[in-house]
Each structure stands twice: as structure tokens, then as C-alpha cells.
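The values are calculated or read from the model by the stated rules, or taken from the named source; none is laboratory data. All values derive from a computational prediction rather than experimental measurement. Positions of Cβ are generated from backbone atoms using ideal geometry, with glycine treated the same way; all protein chains shown enter the neighbour counts.
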Amino acid sequence: MVARRLLLEQQPAYLIGRLRIEHLRDRAARELGTRFTIKDFHHHVLANGAVPLETLDDIIERWIERTTG
């Protein structure tokens with residue numbers, strides 16, 4: 001019962017993270033066009049381990065800038 005309650009309490013945080021990552025993926029795909037690959041996106045998302053979403057935003061932003069610049 002306790003494990004199930006904890007899972008239910010964590011769901012909003014997981015949903016927020018999922019939506020933010022989906023937004024970042026869509027933005028990267030839009031801005032990079034044909035240079036976008038899901039493999040590269042996953043690499044940049046996972047390379048730094050667990051980071052706050054604001055940090056992940058910065059990581060993806062720098063990747064987009066390096067790739068387009």
C-alpha cells in the first residue's frame with residue numbers, strides 16, 4: 001500500500017519531466033531539421049545523468065546552437 005501511494009505521488013513529477021523532454025525533442029527536431037537524429041538527442045539527454053530540468057534545457061540549447069552555428 002505504501003509503495004503504491006508513493007508511486008501515485010511521484011506521477012506528477014514524472015509527467016512534468018516527460019512533457020519537458022518531449023518539448024525539447026520537438027524543438028530540437030524543428031530547429032535542426034535534417035541534422036536532428038533521435039540518437040544524438042538521447043545522447044545529450046542522458047550523457048550528464050540526472051540533472052534538473054533547467055540544466056537539461058541549457059544542455060539541449062547548447063547542442064542546438066553548436067549544431068546550427
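Results, tabulated for the structure shown:
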{"quantity": "Residue selected from the stretch 25-48 under the condition outside any helix (DSSP H, G or I), at pLDDT 95 or above and out of contact with any Lys or Arg (no Cβ under 9 Å at 6 or more places or on another chain), by the criterion farthest from Tyr14 (Cα to Cα)", "calculated": "Thr37"}
{"quantity": "Any pair with Cβ under 8 angstrom, 6 or more apart, that starts in the stretch 24-43 at a residue that is over 16 Å from Asp58 (Cα atoms) and ends at one that is exposed (fewer than 10 other Cβ atoms within 10 Å of the Cβ) and among the hydroxyl-bearing types (Ser, Thr, Tyr)", "calculated": "none"}
{"quantity": "Selection status of Ala13, part of a helix (DSSP H, G or I) and either free of Cβ contacts under 8 Å to residues at least 60 places away in the same chain or of a type outside the set (Gly, Ala, Ser) (or both)", "calculated": "yes"}
{"quantity": "Pair list, Cβ < 7 Å and 6+ apart or interchain, from the stretch 56-69 residues that are closer than 10 Å to His44 by Cβ to residues that are assigned to a helix (DSSP H, G or I) and β-branched (Val, Ile, Thr)", "calculated": "Leu56/Val45"}
{"quantity": "Matching residues in the stretch 20-40 - criterion: being closer than 20 Å to Val51 by Cα, surrounded by 11 or more Cβ atoms within 10 Å (Cβ to Cβ) and not charged (D, E, K, R)", "calculated": "Ile21, His23, Leu24, Ala28"}
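Quick grid of which residues meet (1) polar (S, T, N, Q); (2) within 14 Å of the chain's Cα centre (by Cα):
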site: Glu9; (1), (2): no, no
site: Arg18; (1), (2): no, yes
site: His42; (1), (2): no, yes
site: Val45; (1), (2): no, yes
site: Thr55; (1), (2): yes, yes
site: Asp58; (1), (2): no, yes
site: Glu61; (1), (2): no, yes
site: Ile64; (1), (2): no, yes
